[in-house]
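The structure under discussion appears below in the form of C-alpha cells.
The values are calculated or read from the model by the stated rules, or taken from the named source; none is laboratory data. As the structure is a computational prediction, the values presented were derived from the model and not from experiment. Reconstructed Cβ throughout: ideal geometry from the backbone, glycine too, with neighbour counts over all protein chains shown. What goes into the accessible areas is simple: the full protein's heavy atoms, side chains included, and nothing from ligands, DNA or RNA. Shrake-Rupley method; radii C 1.70, N 1.55, O 1.52, S 1.80 Å.
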Amino acid sequence: MSIHTPEETQNSEIRLRPPEKDDIVISGISCRLPESDNMEELRHHLLRGEDMVTETDRRWEPGYSSLPTHTGTIRDLTRFDTSYFGIPPKVAEVMDPQLRIMLELTQEALVDGGLLAQDLRGSRTGVFIGCGFSEAYEGFSTDPEHVKGYAPLGGTASMFANRISYSFDLKGPSYALRNGDGSSLLAVDRAVMSIRAGNCDSAIVGGCNLCLKPAASLQALDMNILSPDGRCRCYDENANGVCRSEGVVILLLQKRHAAKRVYARILHSKAMTFHESLYPPYLSHKTFLQEVYHEVGISPSDVGYVETSSSCTTDGDSEELRALADVMCKGRKSPLLIGSVKSNIGHTETASGISSLAKAVVAFHDQMIPANLHYKTPNSRIPALNDGSLKVVTERTRMHNQVVAVSSFGLGGACVHVILDSGNQPKSNTSDCDMIQNERRLLLYCGRTKEAVDYVLTHMQNNAGNFDLHYILNETANCPTTNCPFRGYVILNSEDNVREIQKCTSDKRPIWYVFSGMGSQWPGMARRMMAIPKFRQTIQYCDNILQLHGVSLMDIIMKGDENTYDRVLHSFVAIASIQVALVDLLVAMGIQPDGIVGHSVGELGCGYADGSLTAEETVLAAYWRGRCIQESNLPPGGMAAVGLTWAEAKKQCPGRVVPACHNSEKTVTISGPKEEVADFVRELKEKGVFAREVNSAGVAFHSPAMKEVAPAFLNELKKVIKPKKRSKRWISSSIPESRWSCDLAQHSSAEYHANNFQSPVLFQEAIQHIPDGAVVIEIAPHCLLQAVLKRSLGSNCSMIGLMKRGDPDNVRVFYSNLGKCYMNGVRLNPLGLITPYSFPVPRGTPMCSSLVKWDHSQTWPLSKLGDFISGGSGKQADSQFEVDVSPQSKDHYLVGHRIDGRVLYPAVWVRCTGMEGPSQYDRTDV
C-alpha cells in the first residue's frame, strides 16, 4: 500500500509540551481483535489496509436468520492458561471468555511494558474495565439443571475488574463500567482521573465485547443500525450502519518516571452524557469539545489527527463531524485528518473506544496513520469533507503532527474525548547502543512451555541488532519458575548457534561459589575474555596495582606462553586477578552467593567475594605469596594426586611427604621434597593405587617447607591487608571446623592468609557445608574442581564452571555457562555487563506482547447458539419434535433401535431430518 505524505502537513510540526515525570503515559498494550491475536497482527493488518471483517461460522452460520454474513470475530475463545493464574477448573469452565482473555492480556501488557507481574503485586494499581453484558454467563446459567455455583465468580461482568485485581494482587480502585459503546474510553478517563487524584499510581485499563448470542444482533438489525453487508462506511454517502464485532484490549497506564516504554502521553480526557438522541447532537458536542480544549490549554488546531467515534450512518456522522469541524478547523493551515478503526475491524461496541486507542498506538509507534477503509463518496451532509477542512485518511499516511484525539460515543449518551501526543519520544537511544548492537550478548528468557521460550529466542536471533528490544525483554526474563517453568538462553551475534532450553524446577536454589587454586592456570587464559569491557576494566585496574611492583599483568595474560606460568608469582597474580574480574562480572549481573569456599590460594578470591578483602588487597596478597616463595630459595618440591583417603594418606605418607589437600573422599594431594614424592608415587603405582605427579612449579605447597617462608609472607601481608570480619557464608578450608570460633578464623586478616599458606587444605570438609540442590559456580581460569565436586556433592547440585582450559573462545564458554546458571534457577541480568541503559526505550522498539505464548493445551467451554433463552419467551432454547412411529409410518423402523429397553434415535437420522440445527431465533421473537 502506498504511503501518502500530504504537502500541507510536511511543515506543520507542532511544538510539544516538554515531558514531565508525572505525565500519564500508555506504556503497555495487548489485544485480541478480529483476525488479530495480538498487537503485532493488528498492526500489520492496519498498516496494510486489510479488512478484518470476514465471513465466518465461528459463532453461527453466515446469514443465520437473515443476519449479515460478515462479522468481526476473535479467532479462538476456548483456550485459556488456567494454571498460570491458579484458577480452579470448576471456576475456569464457567468463566466468561472475556475475562479469560483479559487475564492473559493483562500479563501480556505488563510484559510489553517491561514489567514482571510480581513487580506490581501489592501495589496501588487500579483496574478499570469497560464492558457490557456477559452473554456467556447467560448461556452458562440458563438451564436450571446445569447451573454451577462458581459462575458468579468469573462470569458476571461486575466481577471482571475485581478478578484481575485479585489475580495480580493489585490494591488500587477496581471496578467495571457498563455505559454502552463509550464504556472502554470512559474507563480510560476514570483511570486518568484516579491517577491524577492520587487514588492509584498506575492502572490496568480494558474494554471487552463478544458476540455470542444472535439475539443481540437481531435486535440491532431490527433497529436498522446493522450494515447489511457487514461494512462500516464511515463518513460515506452510502453509510448504512455498523458491523458488530468482537474485541478485547488491555492498556497499562503509568506515570512517565516509572515507565520503561512510552507509546503515547495522555494530555487530557473528559467525559459527558447527552440524552437528546442516539449520538451527541451538533450543538452539545460542539460545546463539549470547546470545554475539553479550554481545560487542557492547547488549541484545537494543534491536533493533527482525530480517531472519531463514527456511527457509520449519514445522520450520526454528520452531527459528529460538523461539530468537530467548527471547533477544530478554525485557523488551521492544513486539513484535519480523520479516520475510524471501525472501518477496519467493525464496531466492537463496549470495546470500541479502547480499540480506537489501539489504532492510535500503532500510529504513534510507526509514525504512520493507517488507512480508513470503505470510504468512496463524501457524506453530502458534511460540508467540511467537501471544502477541504476535513480529510479522511484513505491511504497510509506519514504522521507529522504528534497530537492525536480519540472520541467515543455510547448508546446511553456517554461521550468521551481523549487527547494524546507522542510524549517527545526519541527515535533512538544512546550512541552506546549503536556500538554494542553487533557485539555478542547473552539473551535469557523464560516461558510457559519449551515452544514459548524457543519462539522468543528465535525472534531475538532474527533481531539480534535491536538492543532496545533486548533490554526491555530482559526486564521480564526472571519470572518465577512457578509461573514460567521453562528457561533458555541464546548468544546473540554468535557465529555458532549457541542456545539451550530446559525445564527449571526452582528459582530459589542456594548459590555457592568455589574458588580454585594452583593448577587452574594455562597459557592464553582470559585473553579472549578481554572482549568483555567490565572484565578488561578490572584486569587493567589490577595491572595498574601490580605495575608499581614491576609486574605487568597485561603482558602475562596477553603475551604469556607455556613458560610464563612456571613462575609461581605469575600464576598467583593471574589467577587472583581473573577471579576478581569474574566476581566483578557476577556482581554486575546481580548474582550474590549464599556460600563461598576456596581451595588453597583460592581463599583470596573468597575474601574478595565476601567483601572482606578489596581488589587491591587480593591481588597484592597473591603477589607477595608468589614473591616470598620465589625469594626463599626453597629446595625442589613436588606434589601428586593419589587415590587414598585422608586417613590412609596420613598413615602411608613416608618421611617428609605429607597429605596437603583433602580434595574428595578418595582423592588427596600429597606434598614434599621432589624426589621423595616421586618415589612414593612409584610405590603406589606398583601397588595398583592411582598416583600422578602434578606440576607445582617445583614448590611443595602446604608442606612443612612453607613454614620457612611464612614469617616473611606474614610481614608483607600485614602491610597490605586491613583485617575485616569474615561473613558466615565464607566456609574456611584452612582451619578445622573445631577451631572456627577462634579469633584467627573470625577475620580475613594477614594471619588468616599466612595460615592458609602453610596449612593443609581441608576442601572436602568445607564443601560438606554446601547444601543439596545448590548451584555451585566454580570461579577460576579453568574449572579444575568439577570432577571433585560431582563426586562429593549431592546429585541435586548443579556444578558450573565459568572458564575452560584451552578453549579458543572463553567468552562463548562464559556466556553459555551463565545461561546454564539461569536454566538452573539463578536470577541474573546479563545486560549488567554493558553500559547502563536509560529507559524508556525509544519509539519504534518492537512490541513485546505478541511474544508471550501461553500453555493453551486445554480447551474450555464456550456458550453457543443452543445455550440461550429463545427470544423473550423465557423458554429454554430447544425444540420438540413428534415422530410418528406407528406401524403405518415410514419411520416405524426406528422402534428397533433400542438400548436398555429405550428407543433412541440414531445420530445419523437426527442429522438427516434436520433436528440438530433448526432455527432457534425467529425475527418475530426478538
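See the values below:
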item: Counting DSSP beta bridges with both ends in the chain, the antiparallel % (nearest 5); result: 65
item: Rounded Å value of the spacing that divides the Cα centres of region 353-428 and region 666-710; result: 83
item: Backbone HN-Hα couplings from phi across region 728-737 [Karplus 6.51/-1.76/1.60, Hz, Gly and Pro as x]; result: 5, 6, 8, 8, 6, 10, 10, 10, x, 4
item: Unit charges on C-beta of K, R, D, E only; dipole of region 419-558, Debye; result: 480
item: Within-15-Å neighbourhood charge of PHE535 [Cβ basis; K, R +1; D, E -1]; result: +3
item: Linear extension gain, SER838 paired with GLU395, 0.36 nm per residue minus alpha-carbon span; result: 155.9 nm
item: Computed FRET value (nearest 0.05) for GLU291 with ASN224, which takes r as the C-beta separation and R₀ as 45 Å; result: 0.90
item: Derived scalar couplings ³J(HN,Hα) [region 34-42; Karplus, 6.51 cos²θ - 1.76 cosθ + 1.60; whole Hz; x for Gly, Pro]; result: x, 6, 9, 7, 7, 5, 5, 5, 4
item: With DNA, RNA and ligands ignored, accessible area of ASP566 (1.4 Å probe; Å², nearest 10); result: 80
item: Additional length obtainable on full extension of the chain from SER506 to ASN695, 0.36 nm per residue less Cα span; result: 64.0 nm
item: Check: region 484-549 dipole with +1 on Lys, Arg Cβ and -1 on Asp, Glu Cβ, in debye; result: 200
item: Cα gyration tensor shape of region 243-314, rounded if a/c is under 1.5, else prolate or oblate by comparing a/b with b/c; result: oblate
item: Pairwise label distance in nanometres, ASN563 with ASP679, each label 7 Å out on the Cα-Cβ vector; result: 3.2
item: Cα-projected label distance for LEU411 with LYS651, points at 7 Å along beta-carbon direction, nm; result: 9.4
item: For LEU862, solvent-accessible area (1.4 Å; no DNA, RNA or ligand), Å²; result: 30
item: Helix 674-686 axis, angle to the chain major axis (alpha carbon atoms, nearest 10°); result: 70
item: Computed FRET value (nearest 0.05) for ASP884 with LYS90, which takes r as the C-beta separation and R₀ as 35 Å; result: 0.20
item: Between 0 and 90°, nearest 10: helix 810-823 axis offset from the chain longest Cα axis; result: 60
item: Between region 791-838 and region 488-552, the Cα center-to-center distance that results, in Å; result: 8
item: Amide H contacts of GLY801 (H built 1.01 Å from N, under 5 Å, at least 5 apart or other chain); result: GLU778
item: 5 angstrom amide H check on VAL127, placed H, neighbours 5+ away; result: SER174, TYR175, ILE204
item: DSSP beta bridge pairing in region 295-428, given as percent antiparallel to the nearest 5; result: 50
item: Which of VAL788, VAL895 is most accessible, then next, and so on - probe 1.4 Å; result: VAL895, VAL788
item: Amide H within-cut-off set for GLY598, under 5 Å, with H built and near neighbours excluded; result: PHE515, SER733
item: Accessible surface, 1.4 Å probe, highest first, among residues VAL619, VAL498; result: VAL498, VAL619
item: Check: region 321-377 dipole with +1 on Lys, Arg Cβ and -1 on Asp, Glu Cβ, in debye; result: 280
item: Cα centroid separation - region 96-129 against region 159-175, whole Å; result: 9
item: Top positive-direction residue, dipole computed over the chain with Cβ charges, set SER732, ILE596, LEU186; result: SER732
item: Backbone HN-Hα couplings from phi across region 119-133 [Karplus 6.51/-1.76/1.60, Hz, Gly and Pro as x]; result: 5, 9, 4, x, 8, 7, 9, x, 10, 10, 10, x, 8, x, 6
item: Extreme residue, positive dipole direction of the chain, given options ASN497, VAL885, ILE629 (C-beta unit charges); result: ILE629
item: Solvent accessible area, Å² - LYS666, 1.4 Å probe, full protein context; result: 140
item: Nearest-ten-degree value, helix 282-296 long axis tilted from longest Cα axis of the chain; result: 20
item: Structure-based [θ]222 nm, the chain - -39500 (n - 2.57) summed over DSSP H runs of at least 4, per residue, nearest 500; result: -9500 deg cm²/dmol
